[in-house]
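Scroll down for the structure; my scribbles are underneath it.
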Amino acid sequence: MEVRRTVPVVLDVDSDDAVLLEDTVDTFLWCAQYVVDHAFEGEYVTTSKTTLDEETYDDVREATDGFNGGLVQAARNKAAEACKSVVARWKNGKKASKPRFTSPHVVYDHRTATFHDDYVSLATTDGRIEVDCVLPNEDSDTPHSKYLFSDEYETTGAELHYHGGDWMLYIHCKKDVETDTSEQAATENGTVLGVDLGVNNLAVTSTGTFWTGEEFDHWRREYEKRRGDLQQCGTRWAHETIQSVGRKEEGRFKLMLHRISNELVAEARENGCRVIAFEDLTDIRERTGASWGHKWAFERLYEYVEYKAEEYGIVVEEVAPENTSRRCSHCGFTHPNNRDGEHFRCQKCGYENDADYNAAKNIGLRYLRRNQTGSGGGAPLGVRLNSGTLNVNGGYSPASSEARTGVHAESHRFSGG
């Protein structure tokens, strides 16, 4: 199986090269937007990369005075993926409009970027340029030493971004690993770990582990206050400081989410889970009252869990979120009055528990019902709880050994049934 990692690298760009990169970004975004506009011209939205390539490649190359062919194809791929996403939302009854490419970035692959020990060669609108990379020591405990400097990983491409006054290259690395047979056997017919995401609790698992949102909310309010105070100054210094505060905020939250994602994957491994099930993040703000900051955190957490779980052969999936917070995980009765804030009490059978914990179990059960074949077929056997499992019909089976009692940092365990 393949293990993929992304390593952020700051580029040391001089003023001349910066002008070239800015022009390359503008041209790349124009190409992607041209392909999207073309895809939306007909009665149906075109999503095929082959069709879009045949219908737009020559025109784009001519309009951009022979822009690098590899970058033209990368822009086409980006456009096709965006069109597929829109069509998928329409099929699910969701609203979506034609994509607009505004975020400054360029997608590179092995044809358009060459990676060296301490610099990178990048294709631009005017040939190639060589740019120095700002790197830590090779023996430091960083993603650079683990993946970028490692002989076990190969670089497959990168995305160039410009934000906060910095040029950043997010380098993609991969390696092939053999699945541990004991690990594979444990998850072959393993269980599902359901995960509920929310505002008060960033994440809650069906095994009863909570990662509270208190630290996240504290720092989110703190950074908002700092930005508000600086905005009142209105000076250039204040504007530059606001950008610095934003970078610090993003860095702090990413570290926090990496820690939580590591613990989530460890939770799945300790319980022999072969699947981690989240609710679909589409429209999560409308459902939960979350801020844009929370939505960003949910998306990053899902992304981190997905690529970290891959290393252990654990699949990360999304399920439909409808009524997971209103449905009783004990008897299946669904009613709006079942949930009252953070508390859940079934109006039919009287089952009471923490509302987020109940939702986490329902998310796991929904995945189980969606994928259960009835004849084994490698499908998970149940939803993992702290003290046992729930089968596809909601029936409880106690664990064969004593439940674990460990407590994660920044989290607490809820010993509910």
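Filter Lys175/Lys254; Lys49/Lys94; Lys95/Lys146 down to the pairs with a C-alpha to C-alpha distance above 30 Å, please.
With Cα atoms farther than 30 Å apart: Lys95/Lys146.
Can you tell me the length gained on complete extension of the stretch His110 to Asp280, counting 0.36 nm per residue apart and subtracting the Cα distance?
57.9 nm is the gain from fully extending His110 to Asp280.
Over the stretch 2-176, what portion of Cα pair distances is larger than 29 Å, expressed as a whole percent?
Tail of P(r) above 29 Å: 28 percent of Cα pairs.
What nm distance separates the two modelled labels at Ala63 and Glu41, each placed 7 Å from Cα along Cα→Cβ?
Modelled inter-label distance: 0.9 nm.
Viscosity 0.692 mPa s, temperature 37 °C: what is the translational diffusion coefficient of the stretch 1-96 from Stokes-Einstein with a Kirkwood Rh over Cα pairs, rounded to a whole number of µm²/s?
216
For Asn323 and Tyr119, FRET efficiency with R0 = 60 Å and r from the beta-carbon atoms, rounded to 0.05?
Calculated transfer efficiency: 0.65.
Taking the Cβ-Cβ separation of Trp292 and Trp30 as r and a Förster radius of 35 Å, what is the calculated FRET efficiency to the nearest 0.05?
So, using R0 = 35 Å, E works out to roughly 0.80.
Name the residue from Phe149, His116, Gly70 whose Cα lies farthest towards the positive end of the charge dipole of the stretch 2-176, charges +1 on Cβ of Lys and Arg and -1 on Cβ of Asp and Glu.
Ranked along the dipole, the leading option is Gly70.
Residue by residue, what Karplus-based ³J(HN,Hα) values in Hz, rounded to whole numbers, does the stretch 261-275 have, using 6.51, -1.76 and 1.60 with θ = phi - 60° and x for Gly and Pro?
Rounded to whole hertz, the list is 5, 4, 6, 5, 5, 4, 4, 5, 5, 4, 9, x, 7, 9, 9.
Taking the Cβ of Thr51 as the centre, find all other residues whose Cβ is under 13 Å away and add up their charges (Lys, Arg: +1; Asp, Glu: -1).
Summing Lys and Arg as +1 and Asp and Glu as -1 gives -1.
Tell me which residues come under 5 Å, amide H to amide H, from Gly388 once H is placed; ignore anything under 5 positions away on its chain.
Excluding prolines and chain starts, which carry no amide H, the hits are Ala399.
Just so you know, all these numbers are worked out from the coordinates, no wet-lab data involved. None of the values given here were measured: they were computed from a predicted structure. As a convention, Cβ positions derive from the backbone with ideal geometry for all residues, glycine included, and neighbour counts pool all protein chains shown.
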